[in-house]
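Just below is one structure, and these are the notes that go with it.
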Number of protein chains: 2
Amino acid sequence: MSIKVIRIGAVCELTGLTERQIRYYEEKQLIFPDRTRGGARTFSFEDVDILKEIHTKIQDGFHTFELRKTFSRQPMRS
Amino acid sequence: MSIKVIRIGAVCELTGLTERQIRYYEEKQLIFPDRTRGGARTFSFEDVDILKEIHTKIQDGFHTFELRKTFSRQPMRS
DNA sequence: CGTGTAAGGAATTCTGACACG
DNA sequence: CGTGTAAGGAATTCTGACACG
């Protein structure tokens, strides 16, 4: 499911991550949520799975810039 | 997908229905969303499909109490 | 670097009610 | 009956910043 309709609160419950962690991973270009017109992030179930993988990798010692190559199969800037 | 994580705003976009219609169908026991701790309704993709069907039936002239038998395969009160 | 937190604001959703018919 | 709307409140999410290290 790649339809982005899940708000960050639900993503926290599904992943066990905090809002802070999720926003940080987005800031580091590892995850690419959509936005509601009001500016709220919306994620897909696919994003939820990716977030879990990202966190696992981080815990394994990887850094965000190293994971960018792995997870950035999404929107490219430029 | 029966995981209930979609907020009513997104459901409106996915179904084309208004919040009022969705809440009314819930009031009439045709749909059974979960709730966040704060009280906000959460729906599943399955619920989204059911809502579309409900609305089609309503437009076909059916009444909510008639549809209850069709869609109430969910929680029963008492 | 990755994450926690307090701060203030804006968007989202909620309920109960009045309305039409 | 099914749906629209204005009303006021509560919960949710947002950003930028300071903190630790």
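The values are calculated or read from the model by the stated rules, or taken from the named source; none is laboratory data. Remember, it's a predicted structure, so these values are computed and weren't measured experimentally. Cβ coordinates were reconstructed from backbone atoms using ideal geometry, including for glycine residues, and neighbour counts include every protein chain displayed. All accessible areas refer to the heavy atoms of the entire protein, side chains included, with ligands and DNA or RNA removed. Shrake-Rupley method; radii C 1.70, N 1.55, O 1.52, S 1.80 Å.
Only one entry of A:Ile31, A:Ile3, A:Ile54 meets the criterion of being surrounded by 15 or more Cβ atoms within 10 Å (Cβ to Cβ), touching a helix residue (DSSP H, G or I) at 6+ places or on another chain (Cβ under 9 Å) and either charged (D, E, K, R) or assigned to a helix (DSSP H, G or I) (or both), and that entry is A:Ile54. For the range B:40-48, does any single residue satisfy the condition of being assigned to a helix (DSSP H, G or I), at pLDDT below 95 and open to solvent by 80 Å² or more (accessible area, probe 1.4 Å)? Checking the range B:40-48: not a single residue is assigned to a helix (DSSP H, G or I), at pLDDT below 95 and open to solvent by 80 Å² or more (accessible area, probe 1.4 Å). Residue count for the range A:8-28, restricted to those that are surrounded by fewer than 18 Cβ atoms within 10 Å (Cβ to Cβ), outside any helix (DSSP H, G or I) and under 11 Å from the mean Cα position of the chain (by Cα): 1. A residue that is within 23 Å of A:Gly9 (Cα to Cα), within 11 Å of DNA strand D (Cβ to nearest atom) and within 13 Å of chain A (Cβ to nearest Cβ) occurs somewhere in the range B:16-36. Could you list, in sequence order, the residues of the range A:5-15 that are more than 9 Å from every other protein chain (Cβ to nearest Cβ) and not hydroxyl-bearing (Ser, Thr, Tyr)? Passing the criteria: A:Ile8, A:Cys12. Filtered by the rule that a residue be part of a loop (DSSP other than H, G, I, E, B) and modelled with pLDDT under 95, the range A:57-78 gives A:Ser72, A:Arg73, A:Gln74, A:Pro75, A:Met76, A:Arg77, A:Ser78.
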